[in-house]
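Remarks on the structure that follows.
The values are calculated or read from the model by the stated rules, or taken from the named source; none is laboratory data. In this text the structure is predicted, and so the values were computed from the model without any measurement. With ideal geometry, Cβ positions are generated from the backbone for all residues, glycine too; neighbour counts draw on all protein chains shown.
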Amino acid sequence: MHAVRIVLLAVAAAVLYGIAHDLVTAHLCVEYFTIGHPRVIDSERPVDLALVWGVLATWWMGVIAGLLLAWAALQGPAPKRTAGSLVKPVLVCLGIMAAGALVAGVLGRIAASNGWVALVSPLAERVPAEKHVAYLGNLWAHLASYWIGGLAMLGLALRVRRARRSVQEPVSR
């Protein structure tokens, strides 16, 4: 049951982060969702898109992170970790992801504004020219969230595993 709770914690964290992230990016550039993604709902409202894509694009990452964390927290004889003991470290990971996404989004917008990066065909023709900068900012923010989130959760799992091993009782002779 501890493993299920840890996986559910990770899925909930990923989905809530995804929705919050998409609420911001959908308001910045709705075309990122309506043109750059398959149409899964018949709406162009940023809130609707954020709610749907916030779940669709993140639940699976939460499952992977949760399984990795559950393994790190429960496998072997070392003292086990509970889902409750992982809430704060998971929130720290989400904060790191959000900061990284913000920085990457700003850098993407700067790079696009200066012509250092550009949308290419077929997106360049489908996305209105005045939205290219915003689209690229969103793209960079989303990519950063995935990469930083994946690395942060891997780092957290390794840290949890290492910490559990360091408090393992010594074997008696």
Just a yes or no: is a residue in segment 125-143 over 13 Å from the mean Cα position of the chain (by Cα) and closer than 23 Å to L67 by Cβ? no
I'd like to check something: does segment 42-54 contain any residue that is touching a Phe, Trp or Tyr at 6+ places or on another chain (Cβ under 7 Å) and hydroxyl-bearing (S, T, Y)? no
Is there a residue being in contact (Cβ under 8 Å) with a residue 40 or more places away in the chain and either surrounded by fewer than 17 Cβ atoms within 10 Å (Cβ to Cβ) or not in a helix (DSSP H, G or I) (or both) anywhere in segment 157-164? yes
When you look at L136, is it crowded, with 17+ Cβ neighbours inside 10 Å, modelled with pLDDT of 95 or more and either aromatic (F, W, Y) or in a helix (DSSP H, G or I) (or both), yes or no? yes
Residues of segment 114-133 being surrounded by 14 or more Cβ atoms within 10 Å (Cβ to Cβ) and in contact (Cβ under 8 Å) with a residue 60 or more places away in the chain, in sequence order, are L123, V127, K131
Inspect all residues belonging to segment 97-107 and state whether any of them is under 22 Å from the mean Cα position of the chain (by Cα), crowded, with 20+ Cβ neighbours inside 10 Å and not in a helix (DSSP H, G or I). no
